[in-house]
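The values are calculated or read from the model by the stated rules, or taken from the named source; none is laboratory data. Being a predicted model, the structure only gives us computed values, none of them experimental. Every residue, glycine as well, gets a Cβ built from its backbone with ideal geometry; the counts of neighbours run over all protein chains shown.
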Amino acid sequence: MSSGWVLAKISTATTPKNTDNQLISNVDVVPPRYQTGLSIYLEKCATCHIGIPPQVLPTETWQIILQDSQHYGVQLPILQDPALQLVWNYLQIASRPKSPQEDRIPYRMASSRYFKALHPKVQLPQELNIKSCVTCHPKVEEFDFRTLSGEWEE
């Protein structure tokens, strides 16, 4: 594969449907210079499962995930540069470093202090997984975590 083809593919990557270029409705504003990284992240990750907002896991978790070919038990090809660098740049600015209170780097949302902090009044299910998100966030397929189901609108 030629690098010209890769760069052309990256430069034409798009953001999810029905979103404003300045604001992707995940959690935070995504500056324009990181939107290509977001697009690649969604293209590579949100086609098999919902796209997880980087804010729910620490930066160190994302670093492990990007380098792990055994993605939660599924064999996946590891991203290569320049796509890898673009996604990593996006994940770094959208996530936060591991909390000093965390002994270990959380590999699952259920063990992430950031995930719990973003859901302060939510009684989380015992078997928390990414499929649980749609219960409260009906537009997760569009990477929209701001829109909440009726019971959480207040």
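Checking the structure you have, find out if any residue of the range 111-129 is in contact with a strand residue (DSSP E or B) (Cβ under 6 Å, 6 or more places away or on another chain) and of a type in the set (Lys, Arg). No, the range 111-129 has no match at all.
From the list Leu84, Leu124, the one residue that fits, being within 21 Å of Pro31 (Cβ to Cβ) and either modelled with pLDDT under 90 or assigned to a helix (DSSP H, G or I) (or both), is Leu84.
Residue-by-condition table, conditions (1) over 22 Å from Tyr34 (Cβ atoms); (2) modelled with pLDDT under 85; (3) not in a loop (DSSP other than H, G, I, E, B):
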| residue | (1), (2), (3) |
| --- | --- |
| Arg104 | yes, no, no |
| Val134 | yes, no, yes |
| Phe145 | no, no, no |
| Glu154 | yes, yes, no |
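Considering the range 12-59 alone, what residues qualify as being of a type in the set (S, T, N, Q) and at pLDDT below 90? Within the range 12-59, Thr12, Thr14, Thr15, Asn18, Thr19, Asn21, Gln22, Ser25, Asn26, Thr47 meet the criteria.
Within the range 99-138, the set of residues being among the β-branched types (Val, Ile, Thr) and under 16 Å from the mean Cα position of the chain (by Cα) comprises Ile130, Val134. The set of residues in the range 102-151 that are loosely packed, with under 13 Cβ neighbours inside 10 Å and of a type in the set (Asp, Glu) comprises Asp103, Glu127, Glu151. A search for C-beta distances below 8 Å between a residue of the range 23-34 that is in a loop (DSSP other than H, G, I, E, B) and any residue that is of a type in the set (Phe, Trp, Tyr) and at pLDDT below 90, counting only pairs 6+ apart in sequence or on different chains, returns Ile24/Phe143; Ser25/Phe143; Ser25/Phe145; Asn26/Phe143; Asn26/Phe145; Val27/Phe145.
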